[in-house]
Amino acid sequence: MNILEVKNLKNYFHTRDGIVKAVDDVSFHVAKGETLGVVGESGSGKSVTHLAYLGLLPSPPSKIESGNVHFQGKDLLHMDLESLRKLRGNKISMIFQDPMTSLNPFLSIKTQLMETILTHTNISEQDAYKKSVEGLIQVGIPAADKRIESYPHELSGGMRQRVMIAMALLNNPELLIADEPTTALDVTIQAGVLELIDNLKKQKGMSVILITHDLGVVAGLTDRIIVMYAGQIKEEASTFDIFNTPKHPYTKALLQSVPRLDTTKGNRLLSIPGLPPDLAKPPTGCRFHPRCPEKIDKCDKEEPQLKEVGNCKVSCHLY
Amino acid sequence: MSSIAKNYETIRIEKGTSLLRDALYRLKKNKLALFGLSILAIIATASLLTPIIAPYSYEEQDLIYGPQSPNKEHIMGTDDLGRDLFTRILYGGRISLMVGVLATIVSLIIGVLYGSIAGFLGGRTDNIMMRIVDIIYSLPFMFFVIILMVIAGRNIYNLFIALGAVQWLTMSRIIRGQVLSLKEKEFVLAAKSMGVSKGSIILRHLIPNAMGPMIIYSTLTIPTVILEESFLSFLGLGVQPPMSSWGLLITDGAQVMEIYPWMVIFPASILALTLLSLNFVGDGLRDALDPKAKKD
Amino acid sequence: MIRYILKRILSTIPVLLIIATITFFIIRIVPGGPFDSEKALPPEILETINKKYHFDEPLYMQYLRYIKDLAHLDLGPSFKYANRSVNEIIMQSFPVSFELGFWALLFASIFGIIAGILSSLRHNSRVDYFFMGLATLGISLPSFVLGPLLVLIFALHFNILPVAGWSSIPHMIMPVITLGAMYTAYIARLTRGGMLEIVNQDFIRTARAKGLKERTIVLRHTLKGGLLPVVTFLGPAFAGIVTGSLVVETIFNVPGLGRYFIQSALNRDYTMVMGTVLFYAVILIFMNLVVDIVYTLLDPRVKYE
């Protein structure tokens, strides 16, 4: 059973310089208990997609143009704002990239944790406080009953991200969306945070969407991966297939830019030449063609569609 | 995520235009700033050409009729001595604008000197000098202007020295910040290692680097000074008759406004319009030169 | 924190000493005094006066005497108001100025903050343009223009408010608005700017993602940070209110300390002028300390040692 179903979602930004097609016809689903990886460079629309259907983008300039998003059978795009608000932070939680700026510096950790519970459940303040402390213990914060009184700036980056995770899990969400949860952290503590998310996921049986620009991050954690480029899905496959038989040239390029321990000396780490396109004026045909090493004639003329190739879905004229 | 939309904008800006062209572009798009600029141009020209364009002489009285409401001969009416109000506003404007500009220059000189000395010497001296600025900031410095005016005599030169002498605080902070950041710049350190005096390097680079903030802050100081001059004139401590300024005209007008309301309405509107324009231009310049600065 | 406050309070003493010294010598260096009236006084009387006020002593003796009195919080006798001490005059007139300033600042804060919040919530809407237009006008409309304008409209034309005086609540309305208008405008602009700055922060998106009610987001998550610029501005605002009261008290004939100061400046009433300056310096330094403390309460990242 799919907990989240996104069909043909289009979300554009209406800026002074024209329409930026940040999310352009994106479809995917998340099964119950599954971890989905969403991979792409910055500006690929990998975060915006999720912010869009949760109503977290400022409008204007952002506008959902068309599409369908169902969460547990409920239509997110056509429900009233109040019902959507009641889902956020409750059934669907988010963790953001930078714990430095994502926690309110003016409020204590206690306030920020407790309000998350009190907004969605009708329990006493004491119970909310207890649950908050338990939440901190769960994510491995030592001396939780003391730390809960601190302000964000008094905690280290890793601690702050643990607080963010605790905050996201307070109401036992069905779906956790983790937007680059480790990018802003030191390499040494990245693994710990990822492991924590994975353990809690297994413990609570929730579904997770893990958004990252780094394929290396998702490798061990995800069941399935979608690769996004310039607001569109380029490839969708199981994690195993993505890593072993990548189809899309962009996926291959991404894989080559991941440092690997088994890389032999002569095998240089490759970076993808060029920059992601300007989404106000996307390239004609396949949006990846200006950077594509395997470009063929029709790439700049015809837009490829996402089609099934074996066990995968890929949007490329080569298949 | 609004930052995404913002990123697209910055990418576009960085693509073609240079910084200055970009600033000009932004200024041109700012209708309020352009409006302010045109009003200021008109007022400045009128003040410069006052002796030519004034319809009457400054002292000329129309005693037969006494104070007249606006009419064909006197478009803004006449004052209680039968003097043409439009002429008096033109002459008053010369004084008000002159005080504004000159006092701003005085404040600029003091601020630049003080700020660059503090920034250049650094360390303890800098600490003490800036602490002094902090303290003066919190004091009612108009009181000191009033004392200066009372003891040094109420003439116009003392006026703009006194006003300039209390307006330099912000300027000194700006300049100090610039000097401090310049001191850390690589080319300054490099020059030093090559035996060039640090001071001369900093001076050479200070002016071009600090130009933007200096211009912006000066445009915002002029209205403050004009306002303060009017304030002093209102209290009888500013410009003295027979000279006149907008503040003095407003004061005179306010005393008889029950009978001759135009005597306060015209000079007050002109003053408000000038201040409004200067504020528009100042804000516009700040937005144009420093788009990242907070809008308020 | 308490150590910090004590340190700040102690550090005002040298500041006040410097202010007292500078004002004392600026005033005394220039010839002319409170008793140079139009007609020359008989020499005997002048001598008595000089003796009474110690003008016959050398300047440094007078200075030391003044500082000694100051240490006992005695600002000396007024030169112009015979038989009244400066302390007495201040004690009598300051409450009026305080009342005026208090209401003006309260008026400015309440209306400024509300207008600023509304503008920021409806960013770039008609509401925003309306309030910000009004604010720009307010900043460009000095009190000595606004005051007479209000008198013209409400006292003389509509005849609903008294022209001047300070004896009842209706008397207070126009002076308070005249004094507060410019600060209302500044506070509105600062609130709007501060709120807009915060609204675009990541942690507001987090608050939305947590499903908080819009009201909680504005009142709890945005306002606290958004009002910081306003708090910073309050220091200069106190100074501005004090200065502004000079004009407003003159316009509306309010019997406050500001009017006394102007009178004594014009009369060269040395002790009164110095007393007022020192008194207001103390008040303002104290208010700035309060502002700094409030700032630490609002922003947990700022700590004073």
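Bear in mind that the values in this text are calculations on the coordinates, not laboratory data. Small disclaimer: the values here were computed from a predicted structure and weren't measured. Counting neighbours? That spans all protein chains shown, and the Cβs are built from the backbone with ideal geometry, glycine included.
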- Query: Where the centroid of each part is defined by its Cα atoms, how far is region A:1-70 from region C:90-113 in Å?
  - Reply: 53 Å
- Task: Scan chain C and report its longest stretch carrying no trypsin sites (Lys or Arg not before Pro) that are both in a DSSP loop and have at most 16 other Cβ atoms within 10 Å.
- Result: C:123-212
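Please give the average number of partner chain Cβ atoms lying within 10 Å of the Cβ of each residue in C:259-271, rounded to a whole number. If you can, show how the numbers build up before the last one.
Numbers: counts 0, 0, 5, 5, 0, 1, 9, 5, 1, 2, 0, 2, 0.
Per residue, the average neighbour count from other chains is 2.
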- Query: How far, in degrees from 0 to 90, does helix B:85-121 lean away from the longest principal axis of the Cα atoms of chain B, to the nearest 10?
  - Reply: 20 degrees
- Query: Say the dipole of the protein assembly as shown comes from +1 at the beta carbon of Lys and Arg and -1 at that of Asp and Glu; which of B:67, A:158, C:9 then lies farthest toward its positive end?
  - Reply: A:158
- List the longest stretch of chain B that has no exposed loop site; here a site is one of the GluC sites (Glu not before Pro) assigned by DSSP to anything other than H, G, I, E or B, with at most 16 other Cβ within 10 Å. B:74-183
- Message: As a footprinting exposure proxy, order B:281, B:99 by other Cβ within 10 Å, with the fewest listed first.
- Response: B:281, B:99
- Under the Karplus relation with 6.51, -1.76 and 1.60 and θ = phi - 60°, whole-Hz ³J(HN,Hα) for region C:128-136, x at Gly and Pro, equal 4, 4, 4, 5, 6, x, 4, 5, 4
- Query: Any idea what the dipole of region C:122-274 comes to, in debye rounded to 20, about its Cα centre with Lys/Arg Cβ at +1 and Asp/Glu Cβ at -1?
  - Reply: 740 debye
- Task: For chain C, find the longest principal axis of its Cα atoms and tell me its angle to the long axis of helix C:257-267, 0 to 90°, nearest 10.
- Result: 40 degrees
- Where a ≥ b ≥ c are root eigenvalues of the Cα gyration tensor, a/c under 1.5 meaning rounded, otherwise prolate if a/b exceeds b/c and oblate otherwise, region A:41-152 counts as prolate
- Task: Calculate for chain B the 222 nm mean residue ellipticity that helices alone would give, adding -39,500 (n - 2.57) per DSSP H run of length 4 or more and normalising by residue count, nearest 500 deg cm²/dmol.
- Result: -25000 deg cm²/dmol
- Item | Dipole of region B:20-288 [Lys/Arg +1, Asp/Glu -1 at C-beta], most positive-end residue of B:265, B:110, B:231 | B:110
- Message: Which of C:93, C:264, B:269 has the fewest other C-beta atoms within 10 Å, and how do the rest follow up to the most?
- Response: B:269, C:93, C:264
- Item | For region B:258-281 and region C:43-81, distance of Cα centres in Å | 45 Å
- Message: Averaged over its residues, how many other protein chain Cβ atoms are within 10 Å of peptide B:225-232's Cβ atoms?
- Response: 3
- Rounded to 5, percent antiparallel among DSSP beta bridges of the protein assembly as shown: 65 percent
- Item | With Cα atoms, 0 to 90° folded angle of helix A:109-120 axis to chain A main axis | 80 degrees
- Ellipticity estimate at 222 nm from DSSP helix runs (n ≥ 4, -39,500 (n - 2.57)) divided over chain A, nearest 500: -8500 deg cm²/dmol
- For chain A, the dipole about the Cα centre with charges only on Cβ (Lys and Arg +1, Asp and Glu -1), to the nearest 20 debye, works out at 240 debye
- Karplus-derived HN-Hα couplings along region B:27-42 (A = 6.51, B = -1.76, C = 1.60, θ = phi - 60°), whole Hz, x at Gly and Pro: 5, 5, 6, 7, 5, 5, 5, 5, 4, x, 4, 5, 4, 4, 4, 4
